[in-house]
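So the structure is just underneath, and the comments pick up after that.
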Amino acid sequence: MAEKRMISKVISISKKFNLQLTDHFSRLLYLLLIPHSDDFGRLTGDPFKVKGLILPMMKEVDEEDVEKTLGNLHKAGLINWYESNGEKYVQIINFDDHQQGLHKRTRSKFPEPPELSRNFPEIPSEQNRTELKGTEEKGTEQNPVCDPNFVLNLLNRYRVEYSGVFSIEQVESYLPMMDSEVLEHCIKLSEGKHTSYAVKILDRHIKEGKTKKESIRHLHPVPNTKNDHGESEARTAARIADSYTPEYGKYEPTADLGVK
């Protein structure tokens with residue numbers, strides 16, 4: 001088992017980590033579970049053992065605190081807290097997507113999670129929490145997206161390449177920050193490219209305050225017609241997106257686009 005683990009910076013904008021976990025101890029315990037897991041992202045899930053293994057110096061934390069927090073992490077979809085032969089275990093969700101050198105691993109000493117427990121992206125109460133949040137926030141339009149595969153379907157529709165669950169979740173993390181129509185518009189501008197390109201466009205829209213669907217209503221659907229230079233307007237739109245430099249926050253057209 002490795003002595004060190006990777007923690008991706010995408011965790012800073014993860015909805016599960018930042019929104020579904022409501023206390024700092026839950027976030028801390030999740031981060032501490034990672035370096036103590038084996039090469040398959042598994043470790044003991046017994047609250048008493050977790051306390052002794054991961055939090056031996058925290059006298060103010062007891063077994064009940066750990067048990068409650070493991071339940072919170074399970075409900076948030078960050079871990080799979082399952083039972084096998086009367087023993088509790090933890091499986092860190094999407095562990096493989098963020099770690100290196102896993103090709104050297106052999107076999108876990110912990111039992112594999114049951115098949116039903118592994119299907120964890122859908123949290124039963126997540127939709128209710130989203131609807132409640134939308135009604136409580138005055139002046140904020142509720143995001144209508146309830147389909148957990150909304151972003152994945154858009155990426156496939158516009159042939160945007162992605163590198164595993166990590167890339168998909170990175171794009172999903174922008175949903176609380178903008179209307180779904182704006183997110184789709186940004187993905188459409190990234191057609192045929194990688195999600196890293198889409199993230200740059202999403203960041204630009206946030207910097208410019210273009211997070212509401214009203215901000216893109218003047219942008220009509222891009223037809224497959226030609227401009228005066230013989231270039232399709234779809235390609236022109238893509239070239240406009242290519243021409244900006246996110247670090248300076250402004251467009252830098254490299255040539256006359258010829259659009260009337």
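The values are calculated or read from the model by the stated rules, or taken from the named source; none is laboratory data. Owing to the predicted nature of the structure, the values given are computational and were not obtained by experimental measurement. Heads up, the Cβs are rebuilt from the backbone with ideal geometry, glycines too, and the neighbour counts pull from every protein chain shown.
The table below lists the values:
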| quantity | calculated |
| --- | --- |
| Test: residue 160 is at pLDDT below 70, surrounded by 15 or more Cβ atoms within 10 Å (Cβ to Cβ) and either touching a Lys or Arg at 6+ places or on another chain (Cβ under 7 Å) or farther than 22 Å from residue 14 by Cα (or both) | no |
| Whichever residue in the range 202-229 is among the hydrophobic types (A, V, I, L, M, F, W, C) and either buried (at least 19 other Cβ atoms within 10 Å of the Cβ) or more than 21 Å from residue 10 (Cβ to Cβ) (or both) and, among such residues, is modelled with the lowest pLDDT | 222 |
| Hey, residue 34 surrounded by 21 or more Cβ atoms within 10 Å (Cβ to Cβ) and of a type in the set (Val, Ile, Thr) or not | no |
